[in-house]
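Enquirer: Following this message is one structure expressed as structure tokens.
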Amino acid sequence: MKEHWQERTRSKEIMIVKLKRKNVDYADLSPRQPYFVIGIEADDYRILNDMGRPYLYPAELFELSTTVNRTTGLQNTAKTASVIPTRHS
């Protein structure tokens, strides 16, 4: 699993994950809320929690919702692929 996610982080893709189920140990996360993975460290995801703070969470808490190519704006999911607008700075 580690090599798979390291490969994604080296690419120009943005990972979006969702919490699998509510967990009392992680009250700062909401089910069905999409979270951008801003980093991966030792197989944990660094995301901005509901308070807007970056924090490391175990990857097994989440399911991959989608990935978005930063360059093309193409969205990749298991069911669909479509173009979504992206902002360029």
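The values are calculated or read from the model by the stated rules, or taken from the named source; none is laboratory data. In this text, all values refer to a predicted model and were calculated from it rather than measured experimentally. Every residue, glycine as well, gets a Cβ built from its backbone with ideal geometry; the counts of neighbours run over all protein chains shown.
Enquirer: Restricting attention to the range 1-28, and to residues there that are among the aliphatic types (A, V, I, L, M), modelled with pLDDT of 90 or more and closer than 18 Å to PRO54 by Cβ, which single residue is surrounded by the most Cβ atoms within 10 Å (Cβ to Cβ)?
Expert: VAL17
Enquirer: Does LEU56 fit the bill of being surrounded by 13 or more Cβ atoms within 10 Å (Cβ to Cβ) and either within 13 Å of the chain's Cα centre (by Cα) or at pLDDT 90 or above (or both)?
Expert: yes
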